[in-house]
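Input: a single structure, listed below in structure tokens.
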Amino acid sequence: MPIKTMSEYWIISAPGDKTCQQTFDTMNNLTSKQHNLCSNYKFHIPDLKVGTLDQLVGLSDDLGKLDTYVEQITRKVAMYLGEVLEDQRDKLQENLQANNTDLPLYLTRFQWDMAKYPIKQSLRNIADIISKQIGQIDGDLKTKSQAYNNLKGNLQNLEKKKTGSLLTRNLADLVKKEHFILDSEYLTTLLVIVPKAMANDWLANYEKITDMIVPRSSQLIKEDPDYCLFNVTLFKKVTEEFKLHARERKFIVRDFVYNEEELAAGKNEMTKLMTDKKKQFGPLVRWLKVNFSEAFCALIHVKALRVFVESVLRYGLPVNFQAILIEPNKKSVKRLRDVLNQLYGHLDGASAGGHVSSADNVDIPGLGFGQSEYYPYVFYKVNIDMVEQTKL
């Protein structure tokens, strides 16, 4: 994917001049063609149902909350896809697509999805459709991630038992049938963990820990950096006494019964979990990719709704504004802001029929004047870097 100058885009709108094309050309000439401050694209918003002023004011606030919610879920899907990909995480960005295309391309060629969000519906209904859709994705994500995480956790626990210290790891993979006296009425074989520094002490003295220990019955089975694993055979009736005296000497008897069926079952469980994880991986990645696309597309439709509502509230009726998608050049952001303010600063005094400027710090519901970023023109940010650690 080509490297972008910024992962941040702006959507602005300005009132139509004689024509909306003229609005776009004026802005584009001053920022893109003459000064190379940004790249500009027309942002196509269809003729939506306006409704009443009261409805628009209420909807403006609700759309702000919906915007935050949809972006949060979109990022959550992206982050979880990164987790599931594990060692293929470097391929995350190429898997984050919208409508089978990369995010910048989807954004710069945005087309309203008439099938999903019919424009004959009211603005409120369209917002409700999106809210319900994202709620469904959020709920499904919780269910699917919990199931997959449980499976992954169980597998990791089993893998931990195959590695690590001899004090805690599963001994089944280390011992063989010949290490044990089996099916004896009187004798049993124990497995003992001995600190490595005391291995010679064990070999010299294990026969004296209690009576009734079979001479020369201990052999080294395995060692790690800190401990050695020995077996020892003794009479069953002195088992508890042996464990007690062994502990006093810092020799730890591990509870272990050699049972071929159980050992096979343990190995089968590991194989089954690995197979289950592989089976679930593909469908889960596909689901995450599809639903990331759904969520991201929904997010951009919410942005379009916000631009429409805010533009009608600011510039009045009949609907006559041009929405423009801007890709700022990273080094020219301040200069771009200055040019836009020179171009549209006159709108400030006429905003929504009042004389409110950003300096007045007055919060009128639905008009976004209380935002930390208020400009004389309608303005919304889109950040397409969906995972913080991954930069485009």
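The values are calculated or read from the model by the stated rules, or taken from the named source; none is laboratory data. Not measured: the values here are computed from a predicted model. Glycine gets a Cβ as well: all are built from the backbone with ideal geometry, and neighbour counts include every protein chain shown.
General observations
- Residue 305 vs. criteria touching a residue at least 24 places away in the same chain (Cβ under 8 Å), more than 30 Å from residue 108 (Cβ to Cβ) and crowded, with 18+ Cβ neighbours inside 10 Å: no
- Test: residue 238 is under 29 Å from residue 158 (Cα atoms), without any contact (Cβ under 8 Å) to a residue 60 or more places away in the chain and β-branched (Val, Ile, Thr): no
- Filtering the stretch 76-98 to residues that are out of contact with any helix residue (DSSP H, G or I) (no Cβ under 7 Å at 6 or more places or on another chain) and touching a residue at least 60 places away in the same chain (Cβ under 8 Å) leaves 79, 93, 94.
- Residue within the stretch 41-64 that is in a strand (DSSP E or B) and touching a residue at least 24 places away in the same chain (Cβ under 8 Å) present: yes
- Taking first residues from the stretch 155-168 that are hydrophobic (A, V, I, L, M, F, W, C) and partners that are not in a helix (DSSP H, G or I), the Cβ contacts under 7 Å between residues at least 6 apart in sequence or on separate chains come to 166/193; 166/222; 166/224; 166/227; 166/229; 167/193; 167/227; 167/252.
Okay, residues lined up against (1) exposed (fewer than 12 other Cβ atoms within 10 Å of the Cβ); (2) more than 30 Å from residue 104 (Cα to Cα); (3) at pLDDT 95 or above; (4) not aromatic (Phe, Trp, Tyr):
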| residue | (1), (2), (3), (4) |
| --- | --- |
| 228 | no, yes, yes, yes |
| 235 | no, yes, yes, no |
| 251 | no, yes, yes, no |
| 263 | no, yes, no, yes |
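- Selection within the stretch 344-372: residues that are farther than 21 Å from residue 308 by Cβ and at pLDDT 50 or above. The member of this set that is surrounded by the most Cβ atoms within 10 Å (Cβ to Cβ) is 345.
- For residue 202, the conditions (1) over 14 Å from residue 165 (Cα atoms); (2) in a loop (DSSP other than H, G, I, E, B); (3) touching a residue at least 24 places away in the same chain (Cβ under 8 Å) all hold with the exception of (2).
- Of all residues in the stretch 244-264, those satisfying the criterion of being under 46 Å from the mean Cα position of the chain (by Cα) and part of a loop (DSSP other than H, G, I, E, B) are 255, 256, 257, 258, 259.
- Within the stretch 101-160, the set of residues being more than 17 Å from the chain's Cα centre (by Cα) and basic (Lys, Arg) comprises 109, 116, 120, 124, 132, 160.
- Check on residue 275, within 30 Å of residue 78 (Cβ to Cβ), among the hydroxyl-bearing types (Ser, Thr, Tyr) and assigned to a helix (DSSP H, G or I): yes
- Residues of the stretch 110-136 that turn out to be more than 16 Å from residue 51 (Cβ to Cβ) and either loosely packed, with under 14 Cβ neighbours inside 10 Å or of a type in the set (Asp, Glu) (or both), as a count: 7
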